Amino acid sequence: SGAAAGAGGAVLPVHSNEETDPEIRTVQTLDFEIDLRWNLRMVLELIAWKVQIPLTHLQLFGYAPRRSPEDPTPVLMNQQGAYMLADIRKHLASKNRKTILLHVARMPLPKDVSYIPLEMPLKQTIKQMVVRVFNDAVQCVGALTFWVDLSESTEACLDFIRERFTPEMLKLGMDKKRPLRMLEVLQHSIYRECALTEQLKNHQNLIRANQYNNPMRVEHDWDEDTASAINEGTAKSIRVVHSTRDQEGFGHPFLLVVRRDEKVREVRQRIRSKLKLTEEQMKNWRIFKHDGAGTRGFIKEDDVLDFENPALGLLLEHTNPNTSRSARQMRRDRPLLIK
């Protein structure tokens, strides 16, 4: 009768960070039979019923959303009606693909809205937003997902986020009383720091429909004394990135305050302290000057940083500790297979 077996479906609870959250929300694997005459929406409805999550809380992706910049799939409906799984299989066969790969991510429902069709946004100024929260040691302590009005300011959004810090986030170093900042991070590099008065619609990361691939980043801002030193010109904030010897970026970049006439050796010690590393862990790290455009230059431990250089940045060259994917990561990325 056209029935097919589906296995390995994954529903990701994006309100938490799968990598560092101390209470890991495991991926749910579903086993059920489907009919190739069904359309994708019917499959999604079945998944929603199986996991007891409202349909409007789910988004459908053709690729693992955190691993690909692809937007949620819009092929829930076509002009003639619903796309049938059999039709999709015929299309894939022409491209030498035998299976349909589906990833489902959980999303929240906006306040005061009982239903939102997955095929269309609520309105132009309403946008789903995903943020990752980082502590002072540049550790991701969790993630939040919610709906925002793009006409709101960055400051208003940060106030909203501050009140939603989870107990896990507070336990791992976040403080509701400290000021916050928002960063746009792309390709393991800090793209820019968002001004507090800036409207959210100006943030490049929020333009794309897939918020899981490069979410906005929220962390503590400088304390009052440090901010005062930066304004007076006795200190400055620089960007620090990680790279392998093959010049492949990885990891989480961060902002660091350096002071006039400070030597590289002193900066190294402060980086080690900030990242909570031992001398042994950091002994093979090399520090280079980095201008953000890919150009880097060698500097010695006794060199004084070029404080007057407006493009001053640092590159930390060392081995990528995450070169091999863990079993949990592979399990999380495993899609729903329809054979």
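Summary of computed values
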| quantity | calculated |
| --- | --- |
| Residue-normalised accessible area of region 128-185, expressed per residue, 1.4 Å probe, Å² | 39 |
| Heavy-atom accessible surface of region 155-261: percent carbon and sulfur, 1.4 Å | 46 |
| Cα→Cβ-extended label distance, 7 Å offset, between residue 197 and residue 156, nm | 1.6 |
| FRET E, pair residue 306, residue 220, Förster distance 30 Å, beta-carbon r, rounded to 0.05 | 0.65 |
| Separation of the residue 263 and residue 188 label points, Cα + 7 Å toward Cβ, nm | 3.0 |
| Computed Kirkwood radius, in angstrom, where 1/r is averaged over Cα pairs of region 221-288 | 13.4 |
| Calculated log₁₀ intensity ratio I(q)/I(0) where the Debye formula runs over C-alpha points of region 171-325, q = 0.08, 0.10, 0.16, 0.19 Å⁻¹ | -0.25, -0.40, -1.06, -1.44 |
| 1.4 Å probe accessible area per residue over region 221-315, in Å² | 59 |
| Accessible-area value, residue 242, 1.4 Å probe, nucleic acids and ligands omitted, Å² | 20 |
| Distance between modelled label sites at residue 171 and residue 231, nm, 7 Å Cα→Cβ extension | 3.8 |
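The values are calculated or read from the model by the stated rules, or taken from the named source; none is laboratory data. All of these numbers come straight from a predicted model, not from anything done at the bench. Cβ atoms come from the backbone with ideal geometry, glycine included; neighbour counts cover every protein chain shown. For the accessible areas, the whole protein counts, side chains as well, though only heavy atoms, and no ligand, DNA or RNA atoms are used. Shrake-Rupley method; radii C 1.70, N 1.55, O 1.52, S 1.80 Å.
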